[in-house]
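A short worksheet on the structure shown next.
The values are calculated or read from the model by the stated rules, or taken from the named source; none is laboratory data. Quick caveat, the model's predicted, so the values are computed rather than measured. Heads up, the Cβs are rebuilt from the backbone with ideal geometry, glycines too, and the neighbour counts pull from every protein chain shown.
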Amino acid sequence: MMRNESSDEDDDRSTLSFDSSKTAQQNSNLANAANAERDDDELSIPRAALNKMIKELTPNIRVANDSRELILNCCTEFIHLVATEANDLCNKQQKKTISHEHIFKALDNLGFSSYKEEAIAVLEEAKKVATNKRQKKSRLENSGIPEEELFLLQQQLFAKARLEAAQSDLKEWHEMQFRLQQQQQLQQQQQEVDDDDNYNL
């Protein structure tokens with residue numbers, strides 16, 4: 001009798017052990033799938049940016065979700081292809097940084113020469129934006145005013161703007177109250193005239 005009870009306990013333990021290992025395997029599979037999905041998201045274009053581009057390029061056309069997913073995958077694959085080719089060119093030249101020249105050469109090598117002109121235009125625009133940012137920053141640095149003082153000036157300007165807005169609101173409120181009083185006086189005078197007319201009748 002004791003032997004049967006112990007064998008039942010062993011069966012329960014083995015079943016429990018099997019169930020827990022099965023659960024652990026399922027959890028591991030779920031974690032791997034989540035990590036793979038996260039890696040895919042990290043290696044792709046942000047969906048918000050892609051949706052914005054689609055909306056700008058096709059404002060009057062609705063694009064289905066599966067089509068958006070396909071566009072996202074195509075963009076990611078294109079970037080990966082060009083980046084890999086540019087990286088190979090960079091390694092062949094024993095350079096440590098991929099430059100725009102490597103990208104342009106990669107476009108040529110992969111048969112995307114027609115994109116090169118637009119890529120050059122985007123590069124020039126990016127350079128202009130970077131130059132403007134540097135000029136603004138250097139203008140601020142060359143102003144000779146310490147950052148703390150600039151911060152205080154900014155706070156004073158904010159306070160002044162808030163005060164002016166509050167004064168403007170108060171002035172509008174007073175004007176509205178004045179108009180309401182005038183309207184009430186006119187109504188009261190009209191009521192008195194009407195009462196006098198009724199009395200005379």
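Scanning region 138-156 for residues that are of a type in the set (S, T, N, Q) and modelled with pLDDT of 85 or more turns up Gln154, Gln155, Gln156. Please work out if Arg62 is surrounded by 12 or more Cβ atoms within 10 Å (Cβ to Cβ) and at negative phi. Against the criterion (surrounded by 12 or more Cβ atoms within 10 Å (Cβ to Cβ) and at negative phi), Arg62 does not qualify.
Listed conditions (1) exposed (fewer than 10 other Cβ atoms within 10 Å of the Cβ); (2) touching an Asp or Glu at 6+ places or on another chain (Cβ under 9 Å) are all met by Lys105, apart from (1).
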